[in-house]
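S.K.: Before anything else, here's the structure in question.
Please treat every number below as a calculation from the coordinates, not as lab data. From a predicted model like this one, the values you see are computed outputs, not experimental measurements. Here the Cβ positions follow ideal geometry from the backbone for every residue, glycine too, while neighbour counts run over all protein chains shown.
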Amino acid sequence: MPPPPDWKAEAIRTPGGPQVLRVHLGACRMGKGKPIGREQARRMLADGVESCPYCSPDTALGMPG
């Protein structure tokens, strides 16, 4: 089995609401998503994409939470 990606992006569909994007650490079990690179994760978080409250990828990337 391959190792998990370093980061991943998840699209969460909410009933009757907008789609929510969230960035996770690759090993986070709270979210499923597509693998992304470190710079893409940083850009997404800097652009306002939500950070997973369980794995805190923003902290791992040294970004303000």
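S.K.: Which count do you get for residues in region 43-57 that are closer than 11 Å to residue 24 by Cα and of a type in the set (D, E, K, R)?
M.R.: Count: 1.
S.K.: Inside region 12-56, can you point out the residues that are assigned to a strand (DSSP E or B), touching a Leu at 6+ places or on another chain (Cβ under 9 Å) and either in contact (Cβ under 8 Å) with a residue 24 or more places away in the chain or exposed (fewer than 12 other Cβ atoms within 10 Å of the Cβ) (or both)?
M.R.: Within region 12-56, 23, 50, 51 qualify.
S.K.: In region 1-11, which residues are of a type outside the set (Gly, Ala, Ser) and assigned to a strand (DSSP E or B)?
M.R.: Answer for region 1-11, where residues must be of a type outside the set (Gly, Ala, Ser) and assigned to a strand (DSSP E or B): 7, 8, 10.
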